[in-house]
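Reviewing the structure listed below.
Read-outs: derived from the displayed coordinates by stated rules, not from any lab. The shown structure was predicted, so the numbers you read here are calculated from the model rather than taken from an experiment. Backbone-built Cβ (ideal geometry, glycine too); neighbour counts: all protein chains shown.
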Amino acid sequence: MPAKLPLLDSLYAARARDAMPTLKGAAQADQSPLLSLTYGLADPDLFPRDELAAATAAVLADDAPDALNYGQSFAGLTEQVVGRLRAQGVEAEPENILVGYGSSQILALLPEVFIDRGDTVIIEGPSFMGAVRRFVMSGANLVTVPTDHEGMDVDALEVTLRDLAARGVRPKFIYTIPTFHNPSGVTMSLARRQRLVSLAAEYGVLVVEDDAYGELRFRGDDLPTLASLDAEGWVVRVCTYSKILAPGVRVGWAYARPEIIERLNMFKHEGDSGPFLTRVIARYAAEGRLEAHIAQLREHYRQKCDVMIEAIAREFPREVQADRPDGGFFVWCKLPHGMGATALVDRAAREGVSFLPGVNCYANGQGDDAIRLAFSFLSADQIQEGVARIGKAMRSM
């Protein structure tokens, strides 16, 4: 095989030639010598190994012919999702549900269905760039709406929608993470949720509600999901078992109008998520086991979050503003005036610690005044040591 193929680049489709490499958080965390507060990895100490093994054995004992042959996703798992949605105030039916290979697959299907090159998509600033990159690769024009301590600034959103409408532009969808936002950790207030859904209906724009962390609330009261506030079918809600069970199971789901689910299915070219794993998850989650596990996760991550917040108060300069989240995996810190996140990354690496600079969380170049710290993966001692090292790097600047 020749060492180089100089004409190979000309064979790639434009979207492949221009694509940015995908971040591999778990792999990088394993290979890095640094103490990493970068990636929102689940804590493996809480994986329900024995219960999943028992569920697997039960499926193989009771249902092996159907579980191990070609087939569709297990309808029983869809019924469980429907039941959980109804408990949250969403009038769901099986035809409203698509089971996929994690929420990331479903988020990647959305631009396949909705975006032509040049179409407009509204995102938050900051946002989860893993999803946003998919929109960019599909040729979307991104419009960023700022966020604050109550989530997306819906006043700014209304101005944006009005200006776009005046130019004859109808956005394809608004992408938002309203609950325990990644990266900022904030939760959108009830008033803003209601107004966002109202604006979507008024302007005829879909809202994609990315709710990966919504069930990991460890303080405060639950708020209605956007899907539960939506009476006209403008919300597409995307959820995952990665945060509430284990990322390695690679199972997520979407809720939307049946015609949207049908279209998403058309582009799920690899077919259903399989009869075996979906049966295992359904068997595990039955009889209250999943809800009990979620309760354990909430308490565990609450303790880790508290450790990080206390360490930040102790180790960081007082000018650093750290927002305490009510759930999820992340703490978002605003840096003192004149201190840049990009420069801090390099200085912190010399101290043996890494984190995510805010510029990696914006599509428009902003964010050098902020950093994201993940408390989900490391132990309490490692969290404290990592924060102390970042604090030392800050003081040296």
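Which pairs in the list 243/268; 304/334; 268/304; 172/268 are over 29 Å apart, alpha-carbon to alpha-carbon?
268/304
Only helices at least 30 Å long along their own axis, judged from Cα atoms, and with Kyte-Doolittle mean hydropathy of -1.0 or greater: name those in the chain from DSSP H. All intermediate terms of the calculation are to be shown ahead of the outcome.
On the way: long enough: 289-315 (39 Å, -0.64).
Taking the DSSP H segments of the chain (at least 30 Å long, mean hydropathy at least -1.0), we get 289-315.
Would you mind working out the magnitude of the charge dipole of the chain relative to its Cα centre, with +1 at each Lys and Arg C-beta and -1 at each Asp and Glu C-beta, to the nearest 20 Debye?
The dipole magnitude comes to about 1040 debye.
Which aspartates and glutamates does residue 392 reach when only Cα atoms under 12 Å apart count, and residues fewer than 8 places away in its own chain are ignored?
315, 351
What is the order of 306, 346, fewest Cβ neighbours within 10 Å to most?
Fewest-to-most ranking of 306, 346: 346, 306.
I need the trypsin sites (Lys or Arg not before Pro) found in region 56-139, filtered to DSSP loop residues with at most 13 other beta carbons within 10 Å of theirs.
Here the trypsin sites (Lys or Arg not before Pro) that fit, given the DSSP loop and packing criteria, are 117.
For all pairs of alpha-carbon atoms in the chain, what percent lies in each bin of width 20 Å, listed from the first bin to the last filled one?
26, 57, 17, 0
Counting only C-alpha contacts under 8 Å and six or more residues apart, can you give the relative contact order of the chain as a whole percent?
Normalised by residue count, the contact order of the chain is 23 percent.
Tell me, in nm to one decimal, what length is gained between residue 79 and residue 222 on full extension, where the rule is 0.36 nm per residue of separation less the Cα-Cα distance?
Stretched fully, the residue 79-residue 222 segment lengthens by 49.2 nm.
When only DSSP loop residues count, what trypsin sites (Lys or Arg not before Pro) in region 307-373 have their Cβ near at most 12 other Cβ atoms within 10 Å?
318
Could you please state, rounded to a whole Å, how far the C-alpha centre of region 370-397 is from the C-alpha centre of region 83-100?
Between the Cα centre of region 370-397 and that of region 83-100, the gap is 39 Å.
What do you get when you divide the Cα radius of gyration of region 191-319 by 2.2 N^0.38 Å, with N the number of residues?
1.32
Can you pull the one-decimal nm distance between simple spin-label points at residue 91 and residue 395, each 7 Å off the Cα toward Cβ?
6.0
In nm, to one decimal, how far is the modelled label at residue 47 from the one at residue 337, with both set 7 Å along Cα→Cβ?
The answer from the label model is 4.8 nm.
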